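Asks: Please find one structure pasted underneath; my questions will follow.
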Amino acid sequence: AEYAGPLSPELSPDGKRLAVVRSTSGAAEDIWVMDAADGTASRFTFDPSRELSPLWSPDGNRLLFRSNRDGGVFNIYEKSSSGAGNEEQVYQSAEQKYPGDWSPDGRYLLYTIAPEKTGVDLWVLPLTGDRKPFPYLQTEANETSGQFSPDEKWVAYVSNESGRNEVYIQ
C-alpha cells in the first residue's frame, strides 16, 4: 500500500511528539505518534476502523481521538499517550462528534456536533463525574473550531452567524 502522508498534526504540550493520522490506500486511518526531533513514528491505534482528530491532554499523558468503530457514527475515545493499555470510550451519542480542545485544567472537552435540527454546535463534555455534556453554543448558525483561552475564562470559535466565517470570543 502506498503511504499517503500524515494528516491532522497535533503537537504535544512539551513539543517533543506529534500525533498524526496516517492512511494507506485500501486501509482505514490510524493515529501514529512521531518524535518531533527525528521523525521516527510508532503506531498508536490498531482498530480496523477510522481513528481521527488526535488531541493531547494538557499534561501530555493522554491522547483523545474520534473513531467510527461502533458502526458509522464517530464517538470519542482516549488512551495513554505512551501507547500502553487499552483505548477507553469517553463519550458515545447518535451525533457525529469532533473533538476541539481540552481545557487547560484537564476537566473539560470542547467539541463540535452536527445535529440535523440546527447548524453545527459547540458542546462541553465534563471529563470527570457523570460526564453529562451540555451545550456551549447552540444556534441556527454553524459554530466550529472552539478553543479555550489559557486562563479558561474565554472561548474562541468560528461562526457563520454574519453570513461569512468570522472568529468570535465569548
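Asks: Mind listing just one residue for me: the one in region 151-161 that is touching a strand residue (DSSP E or B) at 6+ places or on another chain (Cβ under 6 Å) and loosely packed, with under 15 Cβ neighbours inside 10 Å and, of those, nearest to LEU55 (Cα to Cα)?
Replies: Only one residue fits best here, namely ALA156.
Asks: Now a separate question. Limited to region 99-122, what total is found for residues that are crowded, with 16+ Cβ neighbours inside 10 Å and under 22 Å from PRO150 (Cβ atoms)?
Replies: The total comes to 11.
Asks: Would you call SER81 among the hydroxyl-bearing types (Ser, Thr, Tyr) and out of contact with any Lys or Arg (no Cβ under 9 Å at 6 or more places or on another chain)?
Replies: Against the criterion (among the hydroxyl-bearing types (Ser, Thr, Tyr) and out of contact with any Lys or Arg (no Cβ under 9 Å at 6 or more places or on another chain)), SER81 does not qualify.
Asks: Just the residues that are open to solvent by 80 Å² or more (accessible area, probe 1.4 Å) and either more than 18 Å from TYR91 (Cα to Cα) or among the hydrophobic types (A, V, I, L, M, F, W, C) (or both), please, taken from region 123-134.
Replies: Matches in region 123-134: PHE134 only.
Asks: Also: Take the residues in region 44-75 that are among the small types (Gly, Ala, Ser), open to solvent by 10 Å² or more (accessible area, probe 1.4 Å) and within 13 Å of LYS97 (Cα to Cα); name whichever of them is farthest from the chain's Cα centre (by Cα).
Replies: If we take residues in region 44-75 being among the small types (Gly, Ala, Ser), open to solvent by 10 Å² or more (accessible area, probe 1.4 Å) and within 13 Å of LYS97 (Cα to Cα), then GLY72 is farthest from the chain's Cα centre (by Cα).
Asks: Given the options ALA94, ALA84, name the one that is within 29 Å of ARG43 (Cβ to Cβ) and modelled with pLDDT under 95.
Replies: ALA84
Asks: Scan region 100-140 for residues that are among the acidic types (Asp, Glu) and either under 12 Å from ILE76 (Cβ atoms) or within 12 Å of the chain's Cα centre (by Cα) (or both) and jot them down.
Replies: ASP101
Asks: Those residues that are of a type outside the set (A, V, I, L, M) and open to solvent by less than 90 Å² (accessible area, probe 1.4 Å), I need them from region 135-150; list them, please.
Replies: PRO135, TYR136, THR139, ASN142, GLU143, THR144, SER145, GLY146, GLN147, PHE148, SER149
The values are calculated or read from the model by the stated rules, or taken from the named source; none is laboratory data. What you see is a predicted model, and the numbers here were worked out from it, not measured in a lab. Cβ: placed from backbone, ideal geometry, glycine included. Neighbour counts: every protein chain shown. Calculation scope for accessible area: heavy atoms of the full protein, side chains included, ligands and nucleic acids excluded. Shrake-Rupley method; radii C 1.70, N 1.55, O 1.52, S 1.80 Å.
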